[in-house]
Amino acid sequence: MWKEEIHGIGERFAEAYSIPKDVIANATLLHVIGKSEIFLENFKGIISYTCHEILIKGYDCKYCISGNCLMIAYYSNEDMKISGEIQEVRIIR
C-alpha cells in the first residue's frame, strides 16, 4: 500500500512539472522495433545472457527477452540495444 501511494504522488508530481514519469518512478523503458531490435533504458543490469534468452534486472521487476540469435549489440550503464529474432518479451515480478 505504501509503495503504491508514493508511486501515485510521483506520477502527479511528474505531470504537474512536465517531467517524464520514467525519471520519477525509476522505470525501465523498452522500445521494441519490429521483431529484430529492442532498446532498453534505465535498468540495473544483466542477469543472464544466451543466444536464446536475455534476462535483464529492472528496478522493480525482471525482463526476459527470448528468441533466436540474440545478441547485445550495444551496452552502457544507461542503455542497451538487443538485436536478433525476438519472439517474446516477458515481465517477471
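The values are calculated or read from the model by the stated rules, or taken from the named source; none is laboratory data. None of the values given here were measured: they were computed from a predicted structure. All Cβ positions, even for glycine, are placed from backbone atoms using ideal geometry, and neighbour counts span all protein chains on display.
Within region 44-93, restricting attention to residues that are among the charged types (D, E, K, R) and in a strand (DSSP E or B), the residue that is farthest from the chain's Cα centre (by Cα) is Glu85. Restricting attention to region 7-38, the residues being small (Gly, Ala, Ser), surrounded by 13 or more Cβ atoms within 10 Å (Cβ to Cβ) and either under 18 Å from Leu55 (Cα atoms) or modelled with pLDDT of 70 or more (or both) number 2. Cβ-Cβ contacts under 9 Å between residues 6 or more apart (or on different chains), taken from a first residue in region 67-91 that is closer than 14 Å to Lys57 by Cα to a second residue that is exposed (fewer than 15 other Cβ atoms within 10 Å of the Cβ) and acidic (Asp, Glu), are listed as Glu78/Glu41; Asp79/Glu41; Met80/Glu41.
Total residues in region 60-84 satisfying the condition of being surrounded by fewer than 11 Cβ atoms within 10 Å (Cβ to Cβ) and either within 16 Å of Gly34 (Cα to Cα) or among the polar types (S, T, N, Q) (or both): the figure is 3. Which pairs do you get when a residue that is of a type in the set (Val, Ile, Thr) and in a loop (DSSP other than H, G, I, E, B), found in region 18-39, comes within reach of a residue that is modelled with pLDDT of 75 or more and surrounded by fewer than 13 Cβ atoms within 10 Å (Cβ to Cβ), reach meaning Cβ atoms under 7 angstrom, with the pair 6+ apart or on two chains? Between residues of region 18-39 that are of a type in the set (Val, Ile, Thr) and in a loop (DSSP other than H, G, I, E, B) and residues that are modelled with pLDDT of 75 or more and surrounded by fewer than 13 Cβ atoms within 10 Å (Cβ to Cβ), the close pairs are Thr28/Tyr59.
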